[in-house]
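The values are calculated or read from the model by the stated rules, or taken from the named source; none is laboratory data. Worth saying up front: this structure is predicted, and the values here are computed from it rather than measured. Glycine gets a Cβ as well: all are built from the backbone with ideal geometry, and neighbour counts include every protein chain shown.
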Amino acid sequence: MQENQHAEVGVGIAPSLRGDFGLLDLIVPEATLYFVFGYDGMTAGRLFLVQGPGYTLDLHTSHECLELVRNGYQAKVPLAHPSRRTGNLMTTILWGQTRLHLSISDRDGTREDTCNTPPSFPPHALREWARRQALAPNVNYESGEILYEAVLDQLQHLRDKIVDANAINGFWDIEYDGNKIVTRKPKHEPDILPQIRLLFYDLEIQKGLQVIPEYPTGAGSLDFLICGRTSANHVVKVCVEFKLAHAADLAHGFKVQLPEYMAREATDYGIYCVLDFGLEYPANTSKLHIPGFDFDDFSLDDFLSLAHVGTGRRYLRSLIIDVSRRAVPSKA
């Protein structure tokens with residue numbers, strides 16, 4: 001468990017999973033996480049623990065199975081037979097307000113388990129804890145994975161600020177006739193990036209990170225290169241690229257463009273931020289398909305999560321920022 005002012009509130013992540021997801025991924029009431037484990041070197045133990053007043057969410061392995069446990073209810077899936085524990089296992093972890101679900105795909109096939117639970121919600125104290133972590137000054141990172149996780153956490157907080165404050169107008173070109181909106185269209189990506197840059201200023205001061213916009217890579221201009229140092233004085237680079245969800249090159253940006261930038265900068269760390277403008281401008285997921293999956297009920301997040309697994313890059317993450325128009329509350 002990371003240090004915090006409240007001994008029973010916090011998130012602990014095993015070193016083997018640092019950088020695979022951010023703190024905010026684990027303190028939401030509903031989530032689906034996809035990631036790949038390697039059987040080689042796998043040991044029994046806790047992978048993550050979320051803890052708050054009256055609430056725990058725990059993922060751990062034993063010598064026989066993988067278990068997802070929330071407040072005493074568990075979904076449990078057996079690992080492959082010991083003689084077949086080689087290569088990777090693709091894992092899907094899902095929790096909702098009244099359900100836990102866990103699945104594994106490996107050489108022994110696909111196995112899954114679902115457990116119905118009483119309604120369960122992460123306590124507000126966890127969100128307050130995460131906000132304190134985001135604001136706490138930090139310029140000392142023990143590893144590249146922890147620095148990458150810090151950048152991801154900051155981008156997730158930025159996403160939540162935009163949604164919570166409904167601060168979406170800066171992402172739209174709006175034409176008014178008096179107080180009446182005549183037209184509203186998404187801004188072009190280059191017109192959005194300066195606004196994002198303003199939101200990054202505190203990141204440099206509080207977290208000891210350098211933010212370089214429109215960084216030339218030799219393969220094109222990367223939207224943001226974020227750099228920091230580990231406690232061993234190693235420079236760590238995180239490539240951050242923004243893309244409109246309805247852009248024709250949405251899949252190309254994730255599968256080709258950002259990985260190329262990462263290769264040019266000799267870094268394993270990348271974050272693909274997708275700006276979702278809603279149903280009027282549907283996400284262009286046509287080229288994100290992965291063979292063997294039924295996409296009828298897939299969300300944009302599902303598409304990007306599976307595309308991430310398909311790249312084989314552990315630290316290439318996607319992050320969706322909802323800037324769609326909100327329904328106007330009824331005056332009735």
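Okay, here's what the table says:
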| item | result |
| --- | --- |
| For Thr117: the one exception among (1) closer than 14 Å to Tyr55 by Cβ; (2) β-branched (Val, Ile, Thr); (3) modelled with pLDDT under 95 | (3) |
| Flag for Val211 being touching a Gly at 6+ places or on another chain (Cβ under 6 Å), outside any helix (DSSP H, G or I) and at pLDDT 90 or above | no |
| Some residue of the stretch 73-83 being over 21 Å from Asn116 (Cβ atoms), in contact (Cβ under 8 Å) with a residue 40 or more places away in the chain and touching a Leu at 6+ places or on another chain (Cβ under 6 Å) | no |
| Long-range neighbours under 8 Å by Cβ, at least six apart or interchain, first residue without any contact (Cβ under 8 Å) to a residue 24 or more places away in the chain within the stretch 41-60, second part of a strand (DSSP E or B) and of a type in the set (S, T, N, Q) | Thr43/Thr61; Ala44/Thr61 |
| Selected residue (criterion: nearest to the chain's Cα centre (by Cα)) from residues of the stretch 84-104 that are without any contact (Cβ under 8 Å) to a residue 60 or more places away in the chain and not in a strand (DSSP E or B) | Thr98 |
| Test: residue in the stretch 143-150 that is assigned to a strand (DSSP E or B), in contact with a strand residue (DSSP E or B) (Cβ under 9 Å, 6 or more places away or on another chain) and under 26 Å from Lys237 (Cβ atoms) | no |
| Looking only at the stretch 78-102, and only at residues there that are closer than 16 Å to Ser62 by Cα and surrounded by 19 or more Cβ atoms within 10 Å (Cβ to Cβ), the one that is modelled with the lowest pLDDT | Leu89 |
| Residue check for Ala125: assigned to a helix (DSSP H, G or I), at pLDDT below 90, among the hydrophobic types (A, V, I, L, M, F, W, C) and surrounded by 14 or more Cβ atoms within 10 Å (Cβ to Cβ) | no |
| Residues within the stretch 237-258 that are surrounded by fewer than 22 Cβ atoms within 10 Å (Cβ to Cβ) and either within 15 Å of Leu288 (Cα to Cα) or β-branched (Val, Ile, Thr) (or both), tallied | 10 |
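Residue-by-condition table, conditions (1) at pLDDT below 95; (2) surrounded by fewer than 17 Cβ atoms within 10 Å (Cβ to Cβ); (3) part of a helix (DSSP H, G or I):
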residue: His6; (1), (2), (3): yes, yes, no
residue: Ser16; (1), (2), (3): yes, yes, yes
residue: Phe21; (1), (2), (3): yes, no, no
residue: Leu24; (1), (2), (3): yes, no, yes
residue: Val36; (1), (2), (3): yes, yes, no
residue: Met42; (1), (2), (3): yes, yes, no
residue: Leu47; (1), (2), (3): yes, no, no
residue: Leu68; (1), (2), (3): no, no, no
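Residue by residue, here is whether (1) among the hydroxyl-bearing types (Ser, Thr, Tyr); (2) assigned by TED's automatic domain parsing to the domain that holds Phe277; (3) surrounded by 13 or more Cβ atoms within 10 Å (Cβ to Cβ); (4) more than 21 Å from Glu145 (Cβ to Cβ) holds:
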{"site": "Ile162", "(1), (2), (3), (4)": "no, yes, yes, yes"}
{"site": "Tyr176", "(1), (2), (3), (4)": "yes, yes, no, yes"}
{"site": "Lys187", "(1), (2), (3), (4)": "no, yes, yes, yes"}
{"site": "Pro190", "(1), (2), (3), (4)": "no, yes, no, yes"}
{"site": "Tyr201", "(1), (2), (3), (4)": "yes, yes, no, yes"}
{"site": "Glu204", "(1), (2), (3), (4)": "no, yes, yes, no"}
{"site": "Leu209", "(1), (2), (3), (4)": "no, yes, yes, no"}
{"site": "Ala219", "(1), (2), (3), (4)": "no, yes, yes, yes"}
{"site": "Arg229", "(1), (2), (3), (4)": "no, yes, yes, no"}
